[in-house]
Ligand code: NOJ
Ligand code: CA
């Protein structure tokens with residue numbers, strides 16, 4: 001079927017362009033929730049292949065596939081059993097190859113997720129480690145330590161894991177292993193040469209299959225200083241996230257690993273790209289993004305910012321500066337599979353405690369959804385005008401909100417169990433997409449979806465929006481098409497500063513103006529290319545972004561092509 005779609009699309013092979021990633025729009029697919037081809041309730045690779053024309057019409061440059069590897073799904077696939085295989089519930093390697101070919105023919109690159117900090121506890125290495133004695137070579141691939149107490153019955157330290165609970169798990173013989181995430185995700189020992197070599201094999205395995213780039217999961221945590229004495233949790237976290245001195249985070253040695261990876265990426269033409277998921281202070285980001293390292297790093301600053309003009313301006317300036325320092329382009333992102341969808345965040349007052357809000361079922365405070373979607377569209381249009389690459393998360397183009405009232409028994413995120421029901425977790429942004437306004441699972445598949453979809457999904461379905469020029473889907477399509485037409489080099493100039501307004505332009509006069517305030521402001525001069533919401537004559541209403549270009553520019557460009 002994938003081949004048939006490719007034939008129908010009839011697009012040439014992608015040109016070998018070393019710089020394709022610098023200003024790419026990358027669309028994140030969470031495969032288990034995108035499209036289900038066989039009605040088992042789980043999205044799969046043939047499902048993605050069946051929607052390649054949707055992705056092409058949306059106008060994205062690349063897709064990033066979250067993990068599709070064999071996994072018990074203890075952490076939504078970020079617990080990988082085998083890095084060089086496809087989960088049989090999701091597809092086969094052959095279907096993966098078909099998907100890459102089909103996407104490439106549609107002019108879309110492919111980025112896959114690499115999870116190097118930990119394997120799953122079902123990985124062959126971890127099974128070997130459990131079967132082998134304390135101090136063995138098999139255990140050295142992971143981080144095993146003797147427990148405290150006469151029989152080793154106490155954990156080596158009091159460290160806590162990201163999803164809650166202790167970070168050490170006993171294996172019954174006095175040894176404990178470290179897991180900074182779920183117990184099903186034992187941390188690898190990156191001081192072990194076999195671990196290093198094997199990941200190079202994995203990178204080549206996917207690069208050889210035509211994968212264009214890699215998203216590197218928790219890129220800042222691979223290198224660890226576990227020399228004795230180990231600090232306590234309080235000592236570990238004292239001072240927040242500092243500069244290379246934390247025992248487990250953002251150590252300078254991690255870049256030795258990425259230099260080896262870069263050498264592999266550069267064996268290919270064009271070189272394979274990588275983007276670091278590194279939760280580090282902004283000034284530490286260029287190390288990950290440098291050309292002899294991964295090449296690009298996520299910037300989650302706008303994602304974490306309040307709806308506030310001054311905050312946005314400061315973050316943009318700082319990140320453009322950081323990108324210049326590393327030689328990379330900047331990245332912009334508002335939503336992904338780990339955070340509350342931005343249409344929902346912006347529906348809540350600045351400063352809302354999202355964890356508490358989710359725990360209460362998403363009713364207090366009551367979200368103002370109209371405002372949320374208006375701001376989400378305005379924020380997205382602003383980011384799409386910035387130099388650098390934009391990362392979109394599946395469903396944001398449909399204006400999806402967080403599903404905050406999933407029944408407790410449906411929750412899959414380990415956070416829910418590990419926190420003893422005090423944190424709902426991330427399932428609300430992972431609910432399968434609605435493709436049709438009716439039918440089982442709104443066209444996601446023939447059966448019920450693996451997470452229940454709310455009735456309001458009907459109005460957000462692709463089918464309900466595709467032909468409506470006022471829809472969020474139509475807005476995203478136009479925004480991506482206009483971005484492609486207007487795109488320039490990576491420079492930006494600020495226009496005169498006004499309170500509550502962010503206003504800048506790119507070379508050639510492509511201007512972007514956003515009104516963060518609560519009263520309309522005059523629109524700058526020029527022809528309006530696109531606005532994120534209704535305009536009010538020559539006024540830019542609150543919570544709205546407009547793109548403008550100099551009057552007559554289209555005319556001039558026509559003259560040139562003539
Ligand atoms: C970051 C991923 O985005 C998240 O989903 C996952 O739970 C953790 N890393 C652990 O792999
Ligand atoms: Ca399926």
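The values are calculated or read from the model by the stated rules, or taken from the named source; none is laboratory data. On a predicted model such as this, the values are computed, not experimentally measured, just so you know. Glycine gets a Cβ as well: all are built from the backbone with ideal geometry, and neighbour counts include every protein chain shown.
Matching residues to (1) more than 30 Å from residue 419 (Cβ to Cβ); (2) within 16 Å of ligand 1 (Cβ to nearest atom); (3) over 19 Å from the mean Cα position of the chain (by Cα):
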| site | (1), (2), (3) |
| --- | --- |
| 59 | yes, no, no |
| 66 | no, yes, no |
| 75 | no, yes, no |
| 91 | yes, no, yes |
| 95 | yes, no, yes |
| 105 | yes, no, yes |
| 112 | no, yes, no |
| 116 | no, yes, no |
| 120 | no, yes, yes |
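With the condition kept exactly as written, say whether any residue in region 178-185 is surrounded by fewer than 16 Cβ atoms within 10 Å (Cβ to Cβ), modelled with pLDDT of 95 or more, closer than 28 Å to residue 113 by Cβ and under 25 Å from the mean Cα position of the chain (by Cα).
The answer is no, given that none of the residues of region 178-185 is surrounded by fewer than 16 Cβ atoms within 10 Å (Cβ to Cβ), modelled with pLDDT of 95 or more, closer than 28 Å to residue 113 by Cβ and under 25 Å from the mean Cα position of the chain (by Cα).
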Do we find that residue 508 is over 28 Å from the mean Cα position of the chain (by Cα) and closer than 26 Å to residue 24 by Cβ in this structure? yes
Note: among 310, 297, just one is without any contact (Cβ under 8 Å) to a residue 40 or more places away in the chain and within 20 Å of residue 492 (Cβ to Cβ), namely 310
For helices (runs of 4 or more DSSP H) lying entirely in region 332-390, having 2 or more residues that are in contact with a helix residue (DSSP H, G or I) (Cβ under 6 Å, 6 or more places away or on another chain) picks out 342-345, 369-384
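In region 356-367, is there at least one residue being closer than 26 Å to residue 541 by Cβ and either in contact (Cβ under 8 Å) with a residue 24 or more places away in the chain or within 22 Å of the chain's Cα centre (by Cα) (or both)?
Within region 356-367 (the criterion being closer than 26 Å to residue 541 by Cβ and either in contact (Cβ under 8 Å) with a residue 24 or more places away in the chain or within 22 Å of the chain's Cα centre (by Cα) (or both)), the answer is yes, since at least one residue qualifies.
Examine region 278-285 for a residue that is within 16 Å of ligand 1 (Cβ to nearest atom), touching a helix residue (DSSP H, G or I) at 6+ places or on another chain (Cβ under 9 Å), in a loop (DSSP other than H, G, I, E, B) and modelled with pLDDT of 95 or more, and state whether such a residue exists.
yes
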Matching residues in region 18-41 (within 9 Å of ligand 2 (Cβ to nearest atom) and either under 14 Å from residue 212 (Cβ atoms) or buried (at least 22 other Cβ atoms within 10 Å of the Cβ) (or both)) number 3
| query | If we scan region 289-296, do we find a residue that is in a helix (DSSP H, G or I) and closer than 19 Å to residue 18 by Cα? | reply | yes
Does at least one position in region 89-103 carry a residue that is within 19 Å of residue 45 (Cβ to Cβ), within 16 Å of ligand 2 (Cβ to nearest atom), assigned to a loop (DSSP other than H, G, I, E, B) and touching a helix residue (DSSP H, G or I) at 6+ places or on another chain (Cβ under 7 Å)?
yes
In region 47-88, residues that are within 16 Å of ligand 2 (Cβ to nearest atom) and assigned to a loop (DSSP other than H, G, I, E, B) total 14
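This table checks each residue for (1) within 16 Å of ligand 1 (Cβ to nearest atom); (2) in a loop (DSSP other than H, G, I, E, B); (3) touching a residue at least 60 places away in the same chain (Cβ under 8 Å); (4) buried (at least 18 other Cβ atoms within 10 Å of the Cβ).
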residue: 223; (1), (2), (3), (4): no, yes, no, yes
residue: 226; (1), (2), (3), (4): no, yes, yes, no
residue: 229; (1), (2), (3), (4): no, yes, no, no
residue: 234; (1), (2), (3), (4): no, no, no, no
residue: 244; (1), (2), (3), (4): no, yes, no, no
Just one listed residue, out of 94, 169, 153, 128, is in contact with a strand residue (DSSP E or B) (Cβ under 8 Å, 6 or more places away or on another chain) and surrounded by fewer than 17 Cβ atoms within 10 Å (Cβ to Cβ), and it is 153
Over region 351-410, the set of residues surrounded by 16 or more Cβ atoms within 10 Å (Cβ to Cβ) and on the phi > 0 side of the Ramachandran plot is 362, 388, 395, 399
Of the residues in region 259-280, those that are surrounded by 16 or more Cβ atoms within 10 Å (Cβ to Cβ) and without any contact (Cβ under 8 Å) to a residue 40 or more places away in the chain come to 262
In the set 156, 133, the lone residue that is in a loop (DSSP other than H, G, I, E, B), more than 29 Å from residue 298 (Cα to Cα), in contact (Cβ under 8 Å) with a residue 40 or more places away in the chain and touching a helix residue (DSSP H, G or I) at 6+ places or on another chain (Cβ under 9 Å) is 133
Next item on the list: Answer yes or no: is there a residue in region 301-313 that is within 16 Å of ligand 1 (Cβ to nearest atom) and farther than 25 Å from residue 203 by Cα.
Entry: yes
